[in-house]
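Trainee: If you scroll down you'll find the structure; I have some questions about it.
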Amino acid sequence: MVHRDALYRLVQGAAMMSEYRRWFVPGGTYFFTVVTHQRRPILTSEFGRKALREAFAAIRADRPLSLVAIVLLPDHIHAIWTLPVGDNDYSVRWRRIKGLFTRAYLAAGGHEGVLSVSRSARKERAVWQRRFWEHTCRDEDDLKRCVDYVHWNPVKHGLVRRARDYPWSSFERFVHLGEYSATWGGTNPCPNWNPPE
Ligand code: NI
């Protein structure tokens, strides 16, 4: 049994590494954290999810990106993208995604947060935090750590007990790919990595 288990893990490991090799683009694979203004919990509502889906579809039609993994929390997003070689313009993409979401959200009657003087002066709406957090993945191991972090995040935030109990992430897709068992993610898979959120 021990030997069979060890072999199984090896085979699984090989399958995983090939996927990560396929996804990793040197210098072009990024982990992002994007937070709403004043941490308002607007993203996981039915409307929030629809507005984000549409914003992502619009930006992808215009400026390509591959979404490796994503999780929507009520007040923030963690996402991993790869961009085409030679294209590192993720800031423009996020600005557009945030802008498209904001427009749809306000048009549908969503309320924004308190507008500061500087936001009013810039005609900026109070829906997202201005800044976002970016980490460029160094290699396939780093990418795997980021993917694990994304899928474990709802457990970290106390929303569910296991990754599979959370509906708004790419976890299920990774289970189908054989990356995780369905019970994965009850404990912190990357205890030595502490990005914000
Ligand atoms: Ni988080």
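The values are calculated or read from the model by the stated rules, or taken from the named source; none is laboratory data. Since this is a predicted model, take the numbers as computed values, not measurements. Quick reminder, even Gly has a Cβ in these numbers, built from the backbone with ideal geometry, and neighbours come from all protein chains shown.
Trainee: Just to be sure I understand the filter: pairs with C-beta atoms under 8 Å, separated by 6 or more residues or on different chains, first member in region 140-167 and without any contact (Cβ under 8 Å) to a residue 24 or more places away in the chain, second member within 15 Å of the ligand (Cβ to nearest atom) and among the β-branched types (Val, Ile, Thr). Which pairs pass?
Mentor: So the pair list comes out as 163/155.
Trainee: Same structure, new question: Conditions: (1) within 16 Å of the ligand (Cβ to nearest atom); (2) outside any helix (DSSP H, G or I). Residue 52 meets all but one. Number of the miss?
Mentor: (2)
Trainee: Just a yes or no: is a residue in region 124-143 out of contact with any strand residue (DSSP E or B) (no Cβ under 7 Å at 6 or more places or on another chain) and hydrophobic (A, V, I, L, M, F, W, C)?
Mentor: Taking every residue of region 124-143 in turn, at least one turns out to be out of contact with any strand residue (DSSP E or B) (no Cβ under 7 Å at 6 or more places or on another chain) and hydrophobic (A, V, I, L, M, F, W, C).
Trainee: Within region 125-146, which residues are surrounded by fewer than 17 Cβ atoms within 10 Å (Cβ to Cβ) and more than 30 Å from residue 183 (Cβ to Cβ)?
Mentor: 130, 131, 134, 136
Trainee: Now, a different point. I need a count of the residues in region 61-94 that are surrounded by 15 or more Cβ atoms within 10 Å (Cβ to Cβ) and in a helix (DSSP H, G or I).
Mentor: 3
Trainee: Evaluate region 147-166: report whether one residue or more is surrounded by 14 or more Cβ atoms within 10 Å (Cβ to Cβ), in contact with a Cys (Cβ under 8 Å, 6 or more places away or on another chain) and not aromatic (Phe, Trp, Tyr).
Mentor: The answer is yes, given that some residue of region 147-166 is surrounded by 14 or more Cβ atoms within 10 Å (Cβ to Cβ), in contact with a Cys (Cβ under 8 Å, 6 or more places away or on another chain) and not aromatic (Phe, Trp, Tyr).
Trainee: Which number in (1) in contact with an Asp or Glu (Cβ under 7 Å, 6 or more places away or on another chain); (2) modelled with pLDDT of 95 or more marks the one condition that residue 127 misses?
Mentor: (2)
Trainee: Looking only at residues that are within 16 Å of the ligand (Cβ to nearest atom) and surrounded by 17 or more Cβ atoms within 10 Å (Cβ to Cβ) in region 171-188, which one is modelled with the lowest pLDDT?
Mentor: 185
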